[in-house]
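What follows is a short report on a single structure.
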Amino acid sequence: MSAARDAPIRVVVREEADVFIARARSRELALDHGFPAAAAAAIATAVSEIARNIVEHAGEGEIFLTTVLERTRRGVVVLARDPHPGIVDVAVAMQDGYSTGGGLGLGLPSARRLMDEFTIVSAPGSGTTVTMKKWVHVRCE
């Protein structure tokens, strides 16, 4: 059974400065909820990669950050979405080295590796939604 989530933190992503805001807010949220520094850094890096993809490929979108408590673990949940253009082939986009923007093609695959759970739903013309979770075990009192 899981407890209610905190109220989500919403970060609108339109430009590079918003990437840094999303990164900082995700790191702060993780640290405030007892995540070790290394795990908070991993979350921040994954959020940064996803936010950068929003700026580069969609032009605008939003990221929601929240926490959830399930029995002996606490999680940071990241929901990132953009309204367009969508990804033609998600499986190909998740491969290291694949890039449509001239970058290294490590953003989505890196974010997936940094987080414990990662799902992506996308289709051309419908936008993209990425949901990521990172877990830390908590002591039972």
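The values are calculated or read from the model by the stated rules, or taken from the named source; none is laboratory data. Every value quoted in this text rests on a predicted model; they were computed, and no experiment measured them. Every residue, glycine among them, receives a Cβ derived from its backbone with ideal geometry; neighbour counts consider all protein chains shown. The accessibility values were calculated without ligands, DNA or RNA, using every heavy atom of the protein model including side chains. Shrake-Rupley method; radii C 1.70, N 1.55, O 1.52, S 1.80 Å.
When segment 27-52 is filtered for residues that are open to solvent by less than 40 Å² (accessible area, probe 1.4 Å) and over 15 Å from LYS133 (Cα atoms), only ALA51 remains. Could you check segment 76-103 and list, in sequence order, the residues that are surrounded by 14 or more Cβ atoms within 10 Å (Cβ to Cβ), modelled with pLDDT of 60 or more and more than 23 Å from ILE43 (Cβ to Cβ)? Those that are surrounded by 14 or more Cβ atoms within 10 Å (Cβ to Cβ), modelled with pLDDT of 60 or more and more than 23 Å from ILE43 (Cβ to Cβ): PRO83, HIS84, PRO85, GLY86. Checking the stated criteria, VAL68 turns out not to satisfy the condition of being open to solvent by less than 50 Å² (accessible area, probe 1.4 Å) and either of a type in the set (Asp, Glu) or under 14 Å from the mean Cα position of the chain (by Cα) (or both).
Within segment 104-124, take every residue that is in a loop (DSSP other than H, G, I, E, B) and either touching a Cys at 6+ places or on another chain (Cβ under 9 Å) or modelled with pLDDT of 95 or more (or both) and give me the one that is least open to solvent (accessible area, probe 1.4 Å).
Going residue by residue through segment 104-124, those that are in a loop (DSSP other than H, G, I, E, B) are 104-106, 115-116, 124.
Remaining after also requiring either touching a Cys at 6+ places or on another chain (Cβ under 9 Å) or modelled with pLDDT of 95 or more (or both): 115-116.
Details: MET115: 11, ASP116: 84 Å².
Among those that are in a loop (DSSP other than H, G, I, E, B) and either touching a Cys at 6+ places or on another chain (Cβ under 9 Å) or modelled with pLDDT of 95 or more (or both), it is MET115.
Within segment 75-85, identify whether any single residue is more than 25 Å from ARG14 (Cα to Cα), outside any helix (DSSP H, G or I) and more than 15 Å from the chain's Cα centre (by Cα), and answer yes or no. Checking segment 75-85: not a single residue is more than 25 Å from ARG14 (Cα to Cα), outside any helix (DSSP H, G or I) and more than 15 Å from the chain's Cα centre (by Cα). Annotation: of all residues in segment 15-26 being surrounded by fewer than 22 Cβ atoms within 10 Å (Cβ to Cβ) and not hydrophobic (A, V, I, L, M, F, W, C), the one that is nearest to THR67 (Cα to Cα) is ARG25.
Among the residues of segment 125-141, the ones that are outside any strand (DSSP E or B), open to solvent by less than 70 Å² (accessible area, probe 1.4 Å) and within 26 Å of LEU31 (Cβ to Cβ) come to 1 in all.
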